[in-house]
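Engineer: Input: one structure, supplied below.
Just so it is clear, none of the values below were taken in a lab; they were calculated from the coordinates. Only a predicted model underlies this, so the values are computations on that prediction, with no experimental measurement involved. Using ideal geometry, Cβ is built from the backbone for each residue, glycine included, and neighbour counts are taken over all protein chains shown.
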Amino acid sequence: MSNRQPRKMPSFFNCLMMAVFLYPLQSTSEPILPRETVELRQASSNPNALLAGWTPVGCFTDASQLRTLLGPSFTSSSMTPAACMDFCAPHGFGFAGVEYSRECYCDFVIQDFATPVSASDCNAPCAGDGTLTCGSANRISVFANEQSNVVHPSNKPFVGAWQYKGCFTENVRGRNLERMVGISGPVTVETCTAACKSSNFLLAGLENAGECWCGNVMEEGTKTPDADCGSACSGDPTEFCGSSVQNGGPTETTRMTVYQDTSTAVNFKTCLQSGSDFFLRLNIFSQAAPSNPVPALLLQDATFPSDFFVLTACATCSTVNVVAYGAEFGVLTAIRSFPQNIEPQSFSVNVGDSPAFKNTQVFQAAAGFSGYCGMANPINPIGPLFQPLLLGANSRADLWALCPNITAGGRLDVVFSPVANHAHYLKNDCQAVFIQMDPTSV
């Protein structure tokens, strides 16, 4: 994957996150905490307590790596709830929170990892008015803005010809999209998609409230609920721009808001992914009715030279116990549980024949086949440019077939571009299939 760059946090959002959940200001569900539990003095006539149009929500957990509110913040020796609300209100934030007696945070949403706790946990006197409480250590007192100017961010279904495709995970080990682009001026869905369009990319992704990424294939990432992408765009708070890193470590993740350019046709005869090292399972789908997939297996056939294997869909045959396939730079290697631990590697893909794999312990020096790649997937319900992709060989993913082997009791073997008058099958009996590359772990 190219152009991996460190994530940069926009100055407008100085906190980190991994997932979000939108708490509506008006909800038909039960309240997070009964407002009666909030200390009475917090709702008193003290002008430092509540501004008009604001109501207490409750006391929540908070930590530097798991912020309950992720928007702008400030610290003051004169902090009061009213001072915090006054800071957050002009920007249309729906929530304000005070913590550690002197800290203030804003956000459009309450993050979903925030846990409501007893109101008595928020017991630190406010730095600016000791008669009021302003959260505590790792506890934040949250207030809701019920005024008409509150901004409710949303995911626009379309921005010009760019269609919203969803919210996706992204792991620190690899990027979903290949290139981060710099944008002069505010970062919005509009400016990001325009930047990707000008560089001839089909996908645009936004994360960390102000990062824009472009690519022609989603290298990684799985779709998650839309609510996980809860960071408002730094350049337009009415739009969502993914979310921010929260947990850190090797499993560090963000969430990415992704759009696809629908004005440019997808090329189904171009390799999209071949240089990455990843594990996958090969599942076979009928092209006519893509449902009920069957796994692609390796078989050591008696009619085939010793220490070579063919790709088959025979569930009752004595096949190699393939755990997963490793794909790297066009080569497929079968990762398997087997006493000899052979791990057969792709050897040949010839028109009219089954793909062959070789025993690398016997044929270490033999040249193999490195023409496999991931290609656009027309049966993917999310879209053809998203995982899982289709397995292609020689830049074609639409030439695979399952053919009953007439010399092996009708065993269903995988064939690349069936031909007439073959010794092992009848072309008219072959069924066109796709081979889907479903990512997995080993």
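Engineer: For a quick protection proxy, order the peptides 136-146, 152-162 by their average other-Cβ count within 10 Å, most packed first.
Structural biologist: The densest-packed peptide leads the list: 136-146, 152-162.
Engineer: Taking θ as phi - 60°, what are the ³J(HN,Hα) couplings along segment 121-130 by the Karplus curve (6.51, -1.76, 1.60), each to the nearest whole Hz, with x for Gly and Pro?
Structural biologist: Coupling constants for segment 121-130: 6, 8, 10, 7, x, 5, 4, x, 6, x Hz.
Engineer: Contour minus end-to-end for Gln163 and Asp307, with contour as 0.36 nm per residue of separation and end-to-end as the Cα-Cα distance?
Structural biologist: Details: separation 144, 0.36 × 144 = 51.84 nm, distance 4.91 nm.
Extending this stretch completely gives an extra 46.9 nm.
Engineer: What nm value, rounded to one decimal, do you get for the distance between Thr61 and Asn200 when each label is placed 7 Å out toward the C-beta?
Structural biologist: According to this spin-label approximation, the distance is 5.0 nm.
Engineer: Also, I was wondering about something else. Given a Förster distance of 35 Å, report the FRET efficiency between His91 and Thr440 from their Cβ-Cβ distance, rounded to the nearest 0.05.
Structural biologist: The computed FRET efficiency comes out at 0.20.
Engineer: Now for a different question. Find out how many positive minus negative residues lie around Thr238, taking Lys and Arg as positive, Asp and Glu as negative, among other residues whose Cβ is under 12 Å from that of Thr238.
Structural biologist: In short, -2.
Engineer: Right, next: Could you give each residue of segment 60-66 its phi-based ³J(HN,Hα) in whole Hz, using Karplus coefficients 6.51, -1.76, 1.60 with θ = phi - 60°, and x for Gly or Pro?
Structural biologist: 10, 5, 7, 8, 4, 9, 9
Engineer: Val323's amide H: which non-local residues (gap 5+, or another chain) put their own amide H closer than 5 Å, with H modeled 1.01 Å from N in plane and none for Pro or chain starts?
Structural biologist: Ile335, Arg336, Ser337
Engineer: Using the per-residue mean of other Cβ atoms lying within 10 Å as a proxy for protection, in what order, highest first, do the peptides 380-390, 287-297 fall?
Structural biologist: Ranked from most to least packed, the peptides come out as 380-390, 287-297.
Engineer: Tell me the net charge near Cys403. Cut-off is 9 Å between Cβ atoms, Cys403 excluded, with +1 for each Lys or Arg and -1 for each Asp or Glu.
Structural biologist: Result for the local shell: -1.
Engineer: Okay, moving on. What nm distance separates the two modelled labels at Leu399 and Val294, each placed 7 Å from Cα along Cα→Cβ?
Structural biologist: With each label point 7 Å from Cα toward Cβ, the separation is 2.3 nm.
Engineer: If R₀ is 35 angstrom, what is the calculated FRET efficiency for the pair Ala52 and Ser154, using the beta carbon separation as r and rounding to 0.05? Numbers along the way, then the final one.
Structural biologist: Working: r = 27 Å, r/R0 = 0.76.
So, using R0 = 35 Å, E works out to roughly 0.85.
Engineer: For a quick check: with amide H placed at 1.01 Å from N, whose amide H comes under 5 Å from Phe369's, ignoring anything fewer than 5 positions away on the same chain?
Structural biologist: Phe347, Ser348
Engineer: In terms of Cα to Cα distance under 22 Å, which lysines are near enough to Lys427, apart from those fewer than 8 places away along the same chain?
Structural biologist: none
Engineer: For segment 222-239, in order, what is each residue's ³J(HN,Hα) by Karplus, 6.51 cos²θ - 1.76 cosθ + 1.60 with θ = phi - 60°, in whole Hz (x at glycine and Pro)?
Structural biologist: 10, 6, 10, x, 3, 5, 5, 8, x, 8, 5, 5, 4, x, 7, x, 8, 10
Engineer: Continuing with the same structure: Can you list the residues, at least 5 places off or on another chain, whose amide H is less than 5 Å from the amide H of Gln387, using H built in the peptide plane?
Structural biologist: Long-range HN contacts for Gln387: Met218.
Engineer: Here is a follow-up. What aspartates and glutamates could a cross-link reach from Lys269, if we take a straight Cα to Cα line under 13 Å and drop same-chain neighbours fewer than 8 places away?
Structural biologist: Asp398
Engineer: Let me ask you something else. Zone of Ser263 (label point 7 Å along Cα→Cβ, backbone N under 19 Å): which residues in segment 163-199?
Structural biologist: Under cut-off, by backbone N: 163-165, 188-199.
Engineer: What does the charge add up to near Val151, with Lys and Arg as +1, Asp and Glu as -1, over the other residues with Cβ less than 12 Å from its Cβ?
Structural biologist: -3
Engineer: Under a point spin-label approximation (7 Å from Cα along Cα-to-Cβ), what is the Thr407-Ser286 distance to one decimal in nm?
Structural biologist: Between Thr407 and Ser286, the simple spin-label model gives 2.8 nm.
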